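To start, the structure itself, in structure tokens.
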Amino acid sequence: MLATIRSGAVIGVDAVPVDIEVNAGGGDPKTIIVGLPDTSVRESIDRVWTALANSGFPPPRGRTTINLAPADLRKEGPIYDLPIALGVLVATGALDGTRLADLAVVGELALSGEVRRVRGVLPIAVGARRAGVRGILVPPENGEEAAVVEGLEVYPVDTLRDAADFVAGALDVPPLRLDTTQRFAESWQTAEDFADVKGQEFAKRAIEVAVAGGHNLLAIGPPGTGKTMLARRVPSILPPMTLEEALEVTKIHSIAGTLASHQPLVTVRPFRAPHHTISDAGLLGGGTHPMPGEVSLAHHGVLFLDELPEFHRNVLEVLRQPLEDGFVTISRAAAAVTFPCRFMLVAAMNPCPCGYFGDPRRDCRCTPLQIQRYRNRISGPLLDRIDLHIEVPSVRYSELASLERGESSAAIRERVVAARRRQQDRFRDTRGVHCNAAMRAAEVQRYARPDAQGRELLRAAVNDLHLSARAYDRILKVARTIADLDGSEEVCAAHISEAIQYRTLDRQVWS
């Protein structure tokens, strides 16, 4: 007897339908699984057979053939355990599979028959709805994740026995309901607040400008000046995620397996801070079966690289293309997958190996050659892709001892949201541009052209500081953001002057 169970496979951040075909017939007792299964899928036979026995079902007799269609798509992971088990029950006549005709099934089986959580349920649920499937059977820990998808009935099942009883009509499992809007509105706030930061008003202003326009930022200063503290508060002033953005981020984290148990959505913008020993595959993504890396896990959020020169040179250089394009493509012999990675880069570093070059309180112990080698670890092309370079000096005692709290993140966020709203209105009809940092040459020419005094100021800066063409564009984009914060449609000399101020550290320190 032949049985067909619907499931899915994740390719990149999307899913494609997979049919689990199970045929049970006569002949020698043998089980064959075909359809490009990987090792974990081939091992599912032992898990499924043991789970069937421990759930009170007799194992199939004779030859059993399991086909994972389409056969030219590689299948990986333990997500096919539950659909294979149900397919075996239907194929052997132990279960009536009529109700499975419009259901998709995913889940890993323990030897006891318990259904365990798996990765990638959200994209599979989205794919199932797109394919016209009415509902989906999922592990209980993945229930809220799948329930985010509107128009799809989600049935969490604890065990293989519960799944079989539900399909047979002997057990009533109500579909899981989730108020996505309420969950989304309640949980997006972050705990970090800029009010806790003492001093560093210049750095706070630069961060506000960077966030308002979606610009990348590099903070340079001695140890202990608060660079990491400032960076960790960047998400607190980012605009709240839209539901569409939250779904995109959740899909990536679902595939990577970083979602918490029973977590329906990632509602707080991601903040990823990988260690400087990370490999290029860990940063961009990769592996035999490509998985998203840190740049994709930071999608719609912040990627923080502390001690920037300590990262391997090849790791930093592979950042250049994702910073420009907003996506990363990983090619393998079997296929190429694309992961989105539109993030804000925040980096921090010391001015020299000992950290005290230029510090008025501490003497630098580094030789000029050591300092030059340290600075040369970051290439010019990468620096040109970082819009703002700011100095974070030591905080004075009077500021540290002050009991006054600084401006709150909520107040800064209001100005950021207002500036972003102006950009959304400006770029409403411009495809692929969502903020000032994403402007192309045509948009820069149209929306960021300064007045006569600003053009003269910019001409002098380019000639005196030997700025590259890319740096020239970055200054105009940052100036456009500063004008948006001021509520000005015109880019004036004052806006250009402040934008240049965030680039002068680049050429003063690095030349």
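In the range 119-152, which residues are among the aliphatic types (A, V, I, L, M) and either part of a helix (DSSP H, G or I) or closer than 14 Å to residue 253 by Cβ (or both)?
121, 122, 124, 125, 126, 128, 146, 147, 148
Mind listing just one residue for me: the one in the range 436-468 that is within 15 Å of residue 491 (Cβ to Cβ) and polar (S, T, N, Q) and, of those, most open to solvent (accessible area, probe 1.4 Å)?
Top of the filtered list is 453.
Which ones in the range 52-66 are surrounded by fewer than 19 Cβ atoms within 10 Å (Cβ to Cβ) and either among the basic types (Lys, Arg) or in contact (Cβ under 8 Å) with a residue 24 or more places away in the chain (or both)?
Matches in the range 52-66: 54, 56, 58, 61, 62, 63, 65.
Take residue 115 and decide whether it is open to solvent by less than 10 Å² (accessible area, probe 1.4 Å) and closer than 23 Å to residue 257 by Cβ.
Taking the combined requirement at face value, the residue satisfies it.
Can you name the residue in the range 217-256 that is among the hydroxyl-bearing types (Ser, Thr, Tyr) and touching a residue at least 12 places away in the same chain (Cβ under 8 Å) and is also farthest from residue 424 (Cα to Cα) among such residues?
225
Mind checking which residues of the range 365-394 are within 16 Å of residue 227 (Cβ to Cβ), open to solvent by 20 Å² or more (accessible area, probe 1.4 Å), of a type outside the set (Gly, Ala, Ser) and out of contact with any strand residue (DSSP E or B) (no Cβ under 7 Å at 6 or more places or on another chain)?
393
For residue 178, state whether it is closer than 30 Å to residue 301 by Cα, modelled with pLDDT under 95 and touching a helix residue (DSSP H, G or I) at 6+ places or on another chain (Cβ under 8 Å).
yes
Between residues in the range 323-350 that are free of Cβ contacts under 8 Å to residues at least 60 places away in the same chain and closer than 30 Å to residue 209 by Cβ and residues that are small (Gly, Ala, Ser) and assigned to a strand (DSSP E or B), which pairs lie under 7 Å by C-beta distance while being six or more apart or on different chains?
If the second residue must be small (Gly, Ala, Ser) and assigned to a strand (DSSP E or B), the pairs left are 328/285.
Exactly one of these conditions fails for residue 421: (1) free of Cβ contacts under 8 Å to residues at least 40 places away in the same chain; (2) under 22 Å from residue 219 (Cα atoms). Give me its number.
Here residue 421 meets the rest and fails (2).
The values are calculated or read from the model by the stated rules, or taken from the named source; none is laboratory data. Please read all numbers here as calculations on a predicted model, not as lab measurements. Neighbour counts are summed over all protein chains in view; Cβ atoms, including those assigned to glycine, are modelled from backbone coordinates with ideal geometry. Each accessible area value is taken on the protein alone, full model and side chains, heavy atoms only, with ligands, DNA and RNA left out. Shrake-Rupley method; radii C 1.70, N 1.55, O 1.52, S 1.80 Å.
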